[in-house]
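The values are calculated or read from the model by the stated rules, or taken from the named source; none is laboratory data. None of these values were measured; they are calculated from a predicted model. Note: ideal-geometry Cβ built from the backbone for every residue, glycine included; neighbour counts use all protein chains shown. Surface accessibility is based on the protein's heavy atoms, side chains included, excluding ligands, DNA and RNA. Shrake-Rupley method; radii C 1.70, N 1.55, O 1.52, S 1.80 Å.
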Amino acid sequence: MAKTPAQGLLVTDTTIEVLALKVAAGKYRISSYGWSQLPKGVVGGGKVINSRALAGEIKKLMATVRPKLNLGPVVLGLPQAYVFLKVFALPKFEGKDLEEAIGWHMESLSPVIPENTYTSYEVVGESGDKQILVIVAAVQKEIVDAYVEAVSLAGVE
């Protein structure tokens, strides 16, 4: 059941989109949406080429969307080609043992997940055989940092 409003920002090589969701009767409803074309040379191949130009385009778009959006927090979508996701099962551990088991599993992925990446995990459920399901996400720091820089320059949290 939906409880809190949410905002999202998605950047592609050619467009930017913003979306705000409000909660009505326990369900999400779209309250604001906007998109605009990006000039060439701002984002290419999913990578930010010019952070300042992207920040300016985000500011312009945020100013034109009605009803007006606040400047955060915003969920930022990253290019799918750069995001590594894996779901795996582990025996049901608690606390520090769970963190160690997940850390060990992530280390075993080191040939697949390069150094200089941000990683995160979330326990997403349980399987019928007393195991937990975990999803791991990894993205190169240079990709994330460039998007975060542009969004920060735009004054968006």
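Using heavy atoms of the protein chains and a probe of 1.4 Å, the accessible area assigned to L19 is about 60 Å².
Treating the Cα atoms of the chain as identical point scatterers in vacuum, please give the log10 of the normalised Debye intensity I(q)/I(0) at q = 0.16, 0.19 Å⁻¹, two decimals. Ignoring solvent entirely, the Cα scatterers give -0.98, -1.12. A 1.4 Å probe over all protein chains sorts R66, R52 by accessible area into R52, R66, starting with the largest.
Of the trypsin sites (Lys or Arg not before Pro) found in the range 61-121, those in coil by DSSP whose Cβ has at most 13 other Cβ atoms within 10 Å are K68. With the chain treated as a Gaussian network of Cα nodes joined by springs under 10 Å, which of E107, E126, E94 yields the largest mean-square fluctuation? In the Gaussian network model the winner is E94.
Taking other residues whose beta carbon is less than 14 angstrom from the beta carbon of I113, and scoring Lys, Arg as +1 and Asp, Glu as -1, yields 0. For the range 1-36, trypsin sites (Lys or Arg not before Pro) meeting the loop criterion (DSSP other than H, G, I, E, B) and having at most 15 other Cβ atoms within 10 Å: K3.
On full extension, the segment bounded by S32 and T4 gains 8.6 nm, given 0.36 nm per residue less the C-alpha separation. Net charge near G34: determine it from the other residues with C-beta under 12 Å of the C-beta of G34, scoring Lys and Arg +1 and Asp and Glu -1. Local charge sum for G34: +1.
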